[in-house]
Amino acid sequence: MNKNSQSIRLRKQAFTLLELLIVIGILATLATVVILVLNPTEFLKQSRDAKRLSEIKVIDDAIRLYAFNSNTLYYGTSSVVYLSLPDSNSECSSYTADLPSLSGGWSYACKPESEYRKTDGTGWIPVNFNFTQAGPPLAILPVDPVNNSSYYYAYIPGSWSLTIKIESAKYLPIAQNDGGYDSVRFELGSDLALWNASGAGSTSTGSSWACGDALVDARDGKSYATVLIGSQCWLAQHINIGTLIAGVSNMSDNASIEKYCYSNTESNCTSDGGLYQWGEAMQYAASCNGTGAPPNDACAAPVQGICPSGWHIPSHYEYVTLERAVCTSGTCATDFPYDTSTISWQGTDEGTKLKVGGLSGFEGLLAGYRTIGGGFGNRGTFAHIWSSLESGANAWSRHLYLNYATVRWITDEKLSGFSVRCVKD
């Protein structure tokens, strides 16, 4: 090979590498665009949470600097929760109907809009940051990106505690592991017990939680929407718990929860929930069903299975109760009987109501399934969801289909990988 040929070959190789790098860059940009298009709401929540976490750290640093450098320390009045909300009433009366109730002797404090961002001690944080010749460490006092009665910054003196409410699933584990007392608010400061002492603190499973609030699974920090349908409280998402196992024929009864992800891709579990064989979903508990209409539609001893604490795998009859709750046909009792002999497409438009975007809020995502042989199918066209009732070698499930308005009652092979919903105990 002469030198000219070798030079041409090297230039071609270099050009090919350059092309590859350009393609990789384009794909990365497209991936970001796809994420924004598919889930812009979650992206905005994450963006706001990132800003909150950054600003609360800046505020905490400024207070620590004040405590270190100032000769005249004043952190504020004890038993007062200072809020970043502007209000002409000093006790935040414009917001208190929507704010958490405080313990006896505690009160809220707000500043008018003309003053609430000042750093001289007259702003919403009653600390005078103008203590250095170089100027205050804060140009203005930060406020929450939303700054309403649901999302606000809070400051409590004695010495001090700062809190912000987290709204994205990505950052929620930070709130759960900050050493504070509130599982949905990030807490920072010298005394994290202050927020809880004020009575404003809450947890995902505490007395202040109500169906419709997000449920935080304490096992892995994932957050799930919930919805009240009739008398039942449901997760409004397929559950995603466990460790992905790819290329494994069957799940096993061991100390860990295992899951399949569509096409063996973890991101599909993140968006669609995991897929589980019936035994794994039940965590190898015995089959069960209710005995009839509520209050007898649940199992005598509901099976938690892979559900969070306080939640369980729905019985066949609990699904019947759900379907009757969204039924308005006038023939609901015959369309959805409490029996174990009916196998067919049931009802009129209940499937439409239970699918994503339906009026029920159940949000039955068409996540597809995993075949016994290890393949995957029906994503975007079918939802396959387990119940806690077996039928010989099969188990009862519910199907929702893209092109059908009804709901399918059917028994499926237990080794198939299906979605799982949870209902509150």
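None of the figures in this text is laboratory data; all of them are computed from the coordinates on show. No experiment lies behind these values; they were computed from the predicted model shown. Here Cβ is always computed from backbone atoms with ideal geometry, including for glycine, and neighbour counts include all displayed protein chains.
Using a ≥ b ≥ c from the Cα gyration tensor of the chain (square roots of the eigenvalues), is it rounded, prolate or oblate, where a/c under 1.5 gives rounded and otherwise the larger of a/b and b/c decides, a/b for prolate?
Working: a/c = 2.53, a/b = 1.34, b/c = 1.88.
Judged from the Cα gyration tensor, the chain comes out oblate (a/c at least 1.5, b/c at or above a/b).
Going Cα to Cα from K353, which lysines come in below 21 Å? Please leave out same-chain ones fewer than 8 positions away.
Those lysines meeting the cut-off are K424.
With a 10 Å Cβ neighbour count serving as the proxy for reagent exposure, in which order, fewest first, do F43, F382, F336 appear? It would help to have the intermediate numbers written out before the result.
Numbers: F43 16, F382 19, F336 25.
Fewest-to-most ranking of F43, F382, F336: F43, F382, F336.
Please tell me the relative contact order of the chain in percent, rounded to the nearest whole number, where contacts are Cα pairs under 8 Å and at least six residues apart. Could you put the intermediate results ahead of the total?
Details: 866 pairs, mean separation 44.9, N = 425.
In percent, rounded to a whole number, it is 11.
Place a +1 charge on the Cβ of each Lys and Arg in region 215-424 and a -1 charge on the Cβ of each Asp and Glu, then give the dipole magnitude about the Cα centre in debye, rounded to the nearest 20. Don't jump to the answer; show the numbers that get you there.
On the way: 13 positive and 18 negative charges, 52 e Å.
Magnitude of the dipole: close to 240 debye.
Under unit Cβ charges (Lys, Arg +1; Asp, Glu -1), what dipole magnitude, rounded to 20 debye, does the chain have relative to its Cα centre?
Details: 29 positive and 38 negative charges, 316 e Å.
Dipole of the chain, to the nearest 20 debye: 1520 debye.
Taking R0 as 30 Å, what FRET efficiency do you get between E413 and T41 from their Cβ-Cβ distance, rounded to the nearest 0.05? All intermediate terms of the calculation are to be shown ahead of the outcome.
Numbers: r = 37 Å, r/R0 = 1.22.
Calculated value: 0.25.
With the contact rule set at Cα under 8 Å and sequence spacing of 6 or more, what percent relative contact order holds for region 258-324? Walk me through the numbers on the way to the answer.
Values: 88 pairs, mean separation 15.7, N = 67.
This gives 23 percent for region 258-324.
With springs only between Cα atoms under 10 Å apart, run a GNM on the chain and tell me which of G201, G357, G212 wobbles the most.
Evaluated over the chain, the most mobile residue of the options is G357.
Roughly what percent of Cα-Cα pairs across region 216-308 reach past 14 Å? Intermediate results must be reported in sequence, preceding the final value.
On the way: 2995 of 4278 pairs.
So the pairs more than 14 Å apart make up 70 percent of the total in region 216-308.
With the cut-off at 1.5 for a/c, could you classify region 41-197 from its C-alpha gyration tensor as rounded, prolate or oblate?
Values: a/c = 1.41, a/b = 1.23, b/c = 1.14.
Rounded, since a/c falls under 1.5.
With each label point set 7 Å from Cα along the Cα-Cβ vector, what nm distance links S391 and S94?
5.9
Ordered by residue, what ³J(HN,Hα) values in Hz, to whole numbers, does region 344-351 give under the Karplus form 6.51 cos²θ - 1.76 cosθ + 1.60, where θ = phi - 60° and Gly and Pro are x?
Working through the residues one at a time gives 5, 7, 10, x, 10, 10, 5, x Hz.
How much mean residue ellipticity at 222 nm does the chain get from its helices, if each DSSP H run of length 4 or more adds -39500 (n - 2.57) and you divide by all residues, to the nearest 500 deg cm²/dmol?
Working: 9 runs with 107 residues, N = 425.
Helix-only estimate at 222 nm: -8000 deg cm²/dmol.
Neighbour counts of other C-beta atoms within 10 Å: give me K222, K111 arranged from fewest to most. Before the final figure, lay out each step's value.
On the way: K222 18, K111 24.
Ascending number of Cβ neighbours within 10 Å: K222, K111.
Pop out the ³J(HN,Hα) list for region 144-155 in order, Karplus 6.51 cos²θ - 1.76 cosθ + 1.60 with θ = phi - 60°, rounded to Hz; leave Gly and Pro as x.
4, x, 8, 6, 9, 6, 9, 10, 8, 8, 10, 10
In what order do R219, R324 fall by count of nearby beta-carbon atoms within 10 Å, going from fewest to most?
Listing R219, R324 from fewest to most nearby Cβ atoms yields R219, R324.
Return the long-range amide H neighbours of A154 (sequence gap of 5 or more, or a different chain), with a cut-off of under 5 Å between placed amide H atoms.
Counting only residues 5 or more places away or on other chains, the set is T163.
For I229, what residues show an amide H to amide H distance below 5 Å, using hydrogens built from the backbone and excluding near sequence neighbours?
W234
Whole-Hz Karplus ³J(HN,Hα) for region 171-180, in order, using 6.51 cos²θ - 1.76 cosθ + 1.60 and θ = phi - 60°, x for Gly and Pro?
Here the 3J(HN,Hα) series is 9, 4, x, 5, 5, 6, 10, 8, x, x Hz.
How much length is gained if the chain between D120 and S101 is pulled fully straight, taking 0.36 nm per residue apart and subtracting their Cα-Cα distance, in nm to one decimal?
On the way: separation 19, 0.36 × 19 = 6.84 nm, distance 2.92 nm.
Extra length available between D120 and S101 comes to 3.9 nm.
Label region 215-424 by shape, choosing from rounded, prolate and oblate, from the square roots a ≥ b ≥ c of the eigenvalues of the Cα gyration tensor; if a/c is under 1.5 it is rounded, and otherwise prolate applies when a/b is larger than b/c, oblate when it is not.
Details: a/c = 1.45, a/b = 1.37, b/c = 1.06.
It comes out rounded by the Cα gyration axes.
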